[in-house]
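Taking it in order: structure first as structure tokens, then the write-up.
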Amino acid sequence: MGDMSNSDFYAKNQINEDGHAAGFGCSVMELRSLMELRGSEAVVKIQDDYGGVEGLCKRLKTSPTEGLAGAQPDLDKRKDVYGKNLIPPKKPKTFLQLVWEALQDVTLIILEIAALISLGLSFYHPPGETTGEACGAAASGVEDEGEAEAGWIEGAAILLSVVCVVLVTAFNDWSKEKQFRGLQSRIEQEQKFQVVRAGQVIQLPVADIVVGDIAQIKYGDLLPTDGILIQGNDLKIDESSLTGESDHVKKSADKDPMLLSGTHVMEGSGRMIVSAVGVNSQTGIIFTLLGAGVEEEEKKEKKVKKPDGAAAMEMQPLKSAEGGDEEKERKKVSAPKKEKSVLQGKLTKLAVQIGKAGLLMSAITVIILVLYFAIDNFVMQKRPWLPECTPVYIQYFVKFFIIGVTVLVVAVPEGLPLAVTISLAYSVKKMMKDNNLVRHLDACETMGNATAICSDKTGTLTTNRMTAVQLYVADMHHKAIPESGILPPKSLELLVNAISINSAYTTKILPPDKEGGLPKQVGNKTECGLLGLVLDLKKDYQPIRNQIPEEKLYKVYTFNSVRKSMSTVIKLPDGSFRMYSKGASEIVLKKCNYVLNEVGESRVFRPRDKDEMVKKVIEPMASDGLRTICVAYRDFPGSPEPNWDDENNILNDLIAICVVGIEDPVRPEVPDAIQKCQRAGITVRMVTGDNINTARAIAIKCGIIHPGEDFICIDGKEFNRRIRNEKGEVEQERMDKVWPKLRVLARSSPTDKHTLVKGIIDSTMVDQRQVVAVTGDGTNDGPALKKADVGFAMGIAGTDVAKEASDIILTDDNFSSIVKAVMWGRNVYDSISKFLQFQLTVNVVAVIVAFTGACITQDSPLKAVQMLWVNLIMDTFASLALATEPPTESLLKRKPYGRNKPLISSTMTKNILGHGVYQLVIIFTLLFVGEQIFDIDSGRDAPLHSPPSEHYTIIFNTFVMMQLFNEINARKIHGERNVFDGIFRNPIFCSIVFGTFAMQIVIVQFGGKPFSCQPLDLEKWMWCVFLGLGELVWGQVIASVPNSKLRFLRRAGALTRKDEMPEEDVNEDNEEIDHAERELRRGQILWFRGLNRIQTQIRVVNAFRSSLYEGLEKPDSRSSIHNFMTHPEFRIDDSTPNIPLIDDTDEESARRRRKFSSQPSSPNKNNNAIDSGINLTIDTSKSAASSSPASPLHSLETSL
């Protein structure tokens, strides 16, 4: 089904064009054209053509209250007539397409051409036998021992190895894409929606919804289909994803009942009849257009296909100016994506640098070889250029060219993108088991650098099972829920009615699944707690709800983040009105002027009574960590009818019934998880909508704050007072005074959360730019989740909007899963570093050997095919082996790396250079005096096509052995001594090392001519292995050299402080000018399900395909629907900050670590700001010289 292209799918849906024939009263087309209408014209049309919504329900054979009967044949028939609710995904690329893409790699193309030329020339024999004399040394040995026949082998072997590389790459891409599809489908299956069938409210997977279903919609939903509103309370929809208008649209059954798929419910609740699904819904129509558009686009793009891959990246600077402009144009169209992940930015930069160096080296190699040959032959020996010798000379030049290309192949780290991809994919797969569903791959690795986590309280730190434990009613504070007999009957009745009617009717308490389990809470958890209170008072809420069904509710003021309360108005039998209200106690009590006394009569509630109530009831409840809810009511006369839209006057002058204390216990595993975070150098802050005392009590229970520490707990009001200037604008300097010590922000609005996250991210007062993770579950958390470096949404309690804005979904809503994400993120970073350390050693050595060998002996000691084999070991296999190391707890014992930390720390530089020196010494010794040591013929200065020599085979074999043992060294990058630690926990690593060893034996013993190998005897093998084992010993020697002795390493490649200032920060300031507008516009970035499905697929599959070479936007990254409605406001410049590639802070951090380990753990261990303060006092003298006045460091000194 999924493989059908859009057009077939469409055709299939149109077969039953005529719905009437199938027994339904309207066809697909009628419904489609109906959904095109908006507002009053839609109401008129429904009234005229169908006789109102009821008439439409009749025609679609459904009941507005009972829903469909849910019989399978009926559902199947509806699916046939009106289509299924899914938008067919784009066809995955076939394996052959992937092979074709892998072949586009420029280095490979060069190699293929060289190999073909070499093949062609080896079959060409110059006429006449005399040439041997005339062409001089050049031709000698060509006809020797009939070896000329074997001339084709080298070319063929190169082609074969190219095929290998291509197949491996294509297979990786293919398995990537397959894995990703699995992930996508898992995300989709998890999305459910509430539908009424046969009078029962059930949760259905979105794909099973059919036309004619009655769906219940509520605050925070993402509409899965088009529909027409039957009944709604105070419903407001954010349609920006379709219309681009950021204002919320009011919907009501009599004014504007049209609801469109992919839009977000921002307020209220209601019921709708589903009128269009899948490709016939508004989103689907846009998609189908897009699908057609994409295919045309691709056809156009094919004509101007550009090379991609490593070499294209290096050749970028060499391209003509027009090429550059075309790139820019393409950038403009591409979707507004999050800035490139830190790691990818660093890697791209590194790959380009290495690539350029490799290109330079290979060019020099070729030039030197050609000049040497020409000068030697035509100048020194004064030979004329004979026409019949031309092929021989050309053959030489081709050989030189091949040597040059092999240098390039070895220099370019094609393995880097592979390592990143494998390591991320592996982590993502494993993170699924740890309850982290990763939506954006780079989030996985950003999480490892997180320095701050802003967490919600409810549901993340606590269990989100609310139970009422205290009650203040009729002037009595009950510390436990009382018997219902004690309460005055009048108060009791009001209380029960107020709670039963004034709560969403979708909220229920169901009997437990298992015998003896806890009752199941469905819907809003706070309301469940209140309904639980009704049941504890031995009353039942259901009969009351049956008596006053949802249709009879006169007016509902739904809960939203501004009101922080919910009220419902009902019409009493005598024609007057009664409004029940509930909400956060300090907010509702302010509006109460009366309170029910001990006999249930109302008495005046004076301000001083309120203060006393707050001191005696609310604060004690809050300091026990309870959430306090006040329940109140008010009566209105029937005539004149009050103006219900005048909210301020309606929600006022209330009569308080009671205050309930609801407990939400802390999850048992949270305190431990928070302690781990603090040990790992991550500050945990709690941002909650709760009362400050409740928040503080919970924070102490969790261990976010410890009594006696220097921290701040404030509420939203105070927070805004501190960070805003007289004009009410947020000032970064004021923000910087608040956030380092802030641990708890209570009674915060979504905007406060966003302001806090932005303030921490933009802050420059600490050395390291802070990397912030945020958790959220509500619709209103969208902006903060979007702004954060990593957004975590709750899988169970989270609304669709929150999930849409997030990077990772916590499938168990548990804070301790975040700690797992940190561990995996750090592991990704370390895996990449391990791989880099290994890869760069090989690169440096192979390039230098090939280069010097070629210059001194006119022939590279490592042949083209051997180089390709080494390349395969060190790229593909090593990336597999090193990228799949499982994480260990020790990863959580160090501080985060931060954004500006170079990829290659000084320890790694020391290892790379150290091992490089060892390998070069060994290889050059073997190259120049090897024949004497082993007493064999020298392999140097061998003529063209001469048979392989034992001498060069030993060099090749030793080289590979050294790489194998160095791979074991590369498992540790922080200078640990025991490199074998935990090696058997990683079976992939072991099997790859042994597998490579076995292959090497086969190649040396039986490789013969194609691999230029001569079989070796046991003694020589032992020597090769022995020299390889030397790597492990040498590794220990290197580990003993302290970094501080190698002062010079720190200068290599470190950039100046000024370059490090990430440019994004600067850009963002210009963009944030109209803050409010951007807040609203976020709606456009919060994308909807269907679109996201395809778009993410495209994006990730691309990210995999070109995980490194993102600079070259691929043609198909255009196909996201984003571009077609983007607003220029969102184009965030994709500027990667300049990152030093070699560390210059390692020494300081080592000192810092030493200082910390000796010092008893300071109470500020988890307070980065203070830490850096301590260090700075030591380091300022040293860094003051180096920090330019404009640098963040400088401003810190002055503030100190």
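The values are calculated or read from the model by the stated rules, or taken from the named source; none is laboratory data. Predicted model, so just to flag it, every value in this text is computed and none were measured. In this analysis, Cβ positions are derived from the backbone assuming ideal geometry, glycine residues included, and neighbour counts consider all displayed protein chains. SASA here: full protein model, heavy atoms, side chains in, ligands and nucleic acids out. Shrake-Rupley method; radii C 1.70, N 1.55, O 1.52, S 1.80 Å.
Worth pointing out:
- The peptide list 511-518, 584-591, put in order of mean Cβ contacts within 10 Å with the highest first, becomes 584-591, 511-518.
- Of the residues Phe400, Phe965, Phe984, the one with the largest accessible area comes first in the ranking Phe984, Phe965, Phe400, computed with a 1.4 Å probe on protein heavy atoms.
- Note on segment 926-1027: with charges restricted to the Cβ of Lys and Arg (+1) and Asp and Glu (-1), its dipole about the Cα centre is near 480 debye.
- Using a probe of 1.4 angstrom and keeping all protein chains present, the accessible surface of segment 644-710 works out to 34 square angstrom per residue.
- Measuring nothing but how far apart in sequence close Cα pairs (under 8 Å, 6+ apart) lie, relative to its length, segment 774-836 scores a relative contact order of 26 percent.
- For segment 911-981, the average shadow cast by the Cα convex hull is 5.9 nm², which is a quarter of the hull's surface.
- Here segment 465-525 is treated with +1 on each Lys and Arg Cβ and -1 on each Asp and Glu Cβ, and its dipole about the Cα centre works out to around 240 debye.
- Rg and Dmax, both from the Cα atoms of segment 620-746 and both in Å, are 19.9, 65.
- Of the three principal axes defined by the Cα atoms of segment 453-522, the extents in descending order read 44, 32, 26 Å.
- The distance between label points at Asp475 and Ala207 comes to 6.4 nm (points 7 Å beyond Cα on the Cα→Cβ vector).
- Residue pairs, from the table Lys555/Lys615; Lys610/Lys727; Lys490/Lys538; Lys429/Lys803; Lys346/Lys803; Lys218/Lys555, whose Cα atoms sit over 25 Å apart: Lys555/Lys615; Lys610/Lys727; Lys346/Lys803
- Computed on protein heavy atoms with a 1.4 Å probe, the accessible areas place Thr688, Thr243 in the order Thr243, Thr688, largest first.
- In segment 484-587, the ratio of gyration radius to Kirkwood radius, Rg to Rh, stands at 0.98 when only Cα atoms are counted.
- Relative contact order (%) - segment 465-509, alpha-carbon pairs under 8 angstrom, separation at least six: 23 percent
- With contacts taken as Cα pairs under 8 Å at a separation of at least 6 residues, segment 790-946 carries a relative contact order of 24 percent.
- Binned Cα-Cα distance frequencies in segment 564-696 - 10 Å width, integer %: 11, 33, 27, 15, 9, 3, 1
- Filtered GluC sites (Glu not before Pro), segment 632-671: DSSP coil and at most 10 other beta carbons within 10 Å: none
- Working ranking of peptides 271-282, 900-911, 1021-1032, 556-567 by packing, defined as the average number of other Cβ atoms within 10 Å per residue, highest first, is 271-282, 900-911, 556-567, 1021-1032.
- Space enclosed by the convex hull of the alpha-carbon atoms of segment 761-850, per residue, Å³: 139 Å³
- Applying the Kirkwood pairwise sum to the alpha-carbon positions of segment 841-887 produces a hydrodynamic radius of 11.8 angstrom.
- With q set to 0.12 Å⁻¹, the log10 of I(q)/I(0) for segment 806-883, from the Debye formula over equal scatterers at the Cα positions, is -0.53.
- Restricting the GluC sites (Glu not before Pro) of segment 22-100 to loop positions (DSSP other than H, G, I, E, B) with no more than 16 neighbouring Cβ atoms within 10 Å leaves Glu36, Glu66.
- Kirkwood Rh in Å, taken over all unlike Cα pairs in segment 541-618: 14.7 Å
- Solvent-accessible ranking of Met686, Met476, largest area first, probe 1.4 Å: Met476, Met686
- Protein accessible area in segment 371-416, 1.4 Å probe - carbon and sulfur %: 73 percent
- From most to least packed by mean Cβ count within 10 Å, the peptides 741-750, 611-620, 218-227, 84-93 give 218-227, 741-750, 84-93, 611-620.
- Whole-number D in µm²/s for segment 897-1017 (Stokes-Einstein; Kirkwood sum over Cα pairs; 10 °C, 1.306 mPa s): 94 µm²/s
- Probe 1.4 Å - accessible area at Trp152, Å² to nearest ten: 100 Å²
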